[in-house]
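Enquirer: Handing you a structure now.
Every number in this text was worked out from the coordinates using simple rules, so none of it is lab data. Bear in mind the structure is a predicted one, so any value in this text is a computation, not a measurement. As a convention, Cβ positions derive from the backbone with ideal geometry for all residues, glycine included, and neighbour counts pool all protein chains shown.
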């Protein structure tokens, strides 16, 4: 698998689209964002909403329960925190990097 930063600009696909399916693991995108999610296991009800909505599959799950965040691939988009239904406190909060 050729990484795009090794290709010249004229060889990149239109709009920088990743054309090969299933190659997201080859890209470390965790440094892109300015925020990072913090998982609070004691608050989590394991509804899996964060896992369903995460566009980067950065929610780590074991035996049907959320166990953490993959910071290598998480871009800090905050979707996991927004979709978390726990109240008044969230099981996933955001902090500035």
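Enquirer: Do you know which residues across the range 49-66 are loosely packed, with under 14 Cβ neighbours inside 10 Å and part of a loop (DSSP other than H, G, I, E, B)?
Expert: Scanning the range 49-66 gives 55, 57, 63, 64.
Enquirer: Next question, about the same structure. Between a first residue in the range 47-59 that is farther than 22 Å from residue 27 by Cβ and a second residue that is part of a loop (DSSP other than H, G, I, E, B), which pairs have beta carbons less than 7 Å apart while being 6 or more apart in sequence or on different chains?
Expert: Qualifying pairs under 7 Å: 47/85; 49/84; 49/85.
Enquirer: While we're here: So, in the range 28-44, of the ones that are part of a loop (DSSP other than H, G, I, E, B) and touching a residue at least 60 places away in the same chain (Cβ under 8 Å), which residue ends up surrounded by the fewest Cβ atoms within 10 Å (Cβ to Cβ)?
Expert: 34
Enquirer: Starting from residues that are assigned to a loop (DSSP other than H, G, I, E, B) and within 12 Å of residue 30 (Cβ to Cβ), keep the ones in the range 67-85 and report whichever is nearest to the chain's Cα centre (by Cα).
Expert: Among those residues, the one meeting the criterion is 74.
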